1. Could you list, in sequence order, all residues of region 67-101 that are in a strand (DSSP E or B) and modelled with pLDDT under 90?
2. Out of all the residues in region 123-137, which are at pLDDT 80 or above, assigned to a loop (DSSP other than H, G, I, E, B) and within 21 Å of the chain's Cα centre (by Cα)?
3. Only residues in region 192-205 that are in the same structural domain as residue 234 (by TED's automatic domain parsing) and under 15 Å from residue 245 (Cα atoms) count as the first member; pair them with residues that are modelled with pLDDT under 90 and surrounded by fewer than 10 Cβ atoms within 10 Å (Cβ to Cβ), Cβ under 8 angstrom, at least 6 apart or cross-chain, and list the lot.
4. Can you tell me which residue within region 109-128, out of those that are touching a strand residue (DSSP E or B) at 6+ places or on another chain (Cβ under 9 Å) and under 18 Å from residue 98 (Cα atoms), is surrounded by the fewest Cβ atoms within 10 Å (Cβ to Cβ)?
5. Look through region 269-279, keep the residues that are crowded, with 20+ Cβ neighbours inside 10 Å and touching a helix residue (DSSP H, G or I) at 6+ places or on another chain (Cβ under 7 Å), and return whichever of them is nearest to residue 301 (Cα to Cα).
6. If residue 266 satisfies all but one of (1) crowded, with 22+ Cβ neighbours inside 10 Å; (2) in contact with a helix residue (DSSP H, G or I) (Cβ under 7 Å, 6 or more places away or on another chain), what's the number of the condition it fails?
7. Could you tell me how many of the residues in region 229-263 are within 16 Å of residue 172 (Cβ to Cβ) and surrounded by fewer than 22 Cβ atoms within 10 Å (Cβ to Cβ)?
8. Identify all residues within region 28-40 that are modelled with pLDDT of 80 or more and in contact with a strand residue (DSSP E or B) (Cβ under 7 Å, 6 or more places away or on another chain); write none if there are none.
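The values are calculated or read from the model by the stated rules, or taken from the named source; none is laboratory data. A quick note: this is a predicted structure, and the numbers were derived from the prediction, not measured. Don't worry about glycine lacking a Cβ; one is built from the backbone with ideal geometry, like all the others, and counts go over all protein chains shown.
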């Protein structure tokens, strides 16, 4: 094809032994590992004149010929959907995703997805990343709210994928879980795979993919616990599966939870509140923050009332310490938005002041 691009690379001794897909991702411009695998699987990569698998270990002197075809046409169409843009420049876009929005088209959700909105908002992004998933580096479940970063260029896409893979990018979540979590902090390391019976669900299963979640308790009420969770890996439904596995499912979770609609929630009380990454263009460290949605905050007020009722009976015991933790997290989110080279945005939004007011009852 006239629009195809072609490269020929000779493997040097310092790269000998690398997987072919890893080698291409590291030695070709704007190339992610997933895209390299697709090119190899589609027969667009030859090693010394022959097809090879992504797992092939390159040798010194191998000649790798790569053909990058033009982007395939897609049925995905731009749709003028409103998105909450936290930050944007020529390389990346950070969005605070609302509850109910699917990231990319799938069975039952062919329209009104984040991908449709991105095509409308960012002209040309259809050429970035995977077909039908323009610029999408990572995902959030339909009813999980919070921050997601999108690549607007192939260079940014490859860089951000590497950061996710190498755990340079960090994602922190707030979650209200059912029951009282006794440990102040913990690490859940349990493999996740497809549920053996309910094929639409995930589960902790033998032979599943490695999955690691760290959590810290921020405060406890009589029936619920507010935690901060940090992903070490990025498996489907990871936090929801792991918390259910230890007996504390995310409140309001219709799939892994105890009852739907508890605490007046419209979905699971899981919010990606903080995202840290390295800017793919200049290498600067960036931190983005976004407040939870209103129903999450309303649920927090229920928790605070339960704590308030318990305090007269337990004056001077762990409740004060836990309230202090909650106040600390509220302070940490006091500047939602982005910390950039120009410094954080100023101002404390009203929702933080309301949370602080509730927690200060215990001081």
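1. 67, 68
2. 128, 135, 137
3. 193/207
4. 117
5. 269
6. Condition (1) is where residue 266 drops out.
7. Residues that pass the stated criteria total 4.
8. Result: 39, single match.
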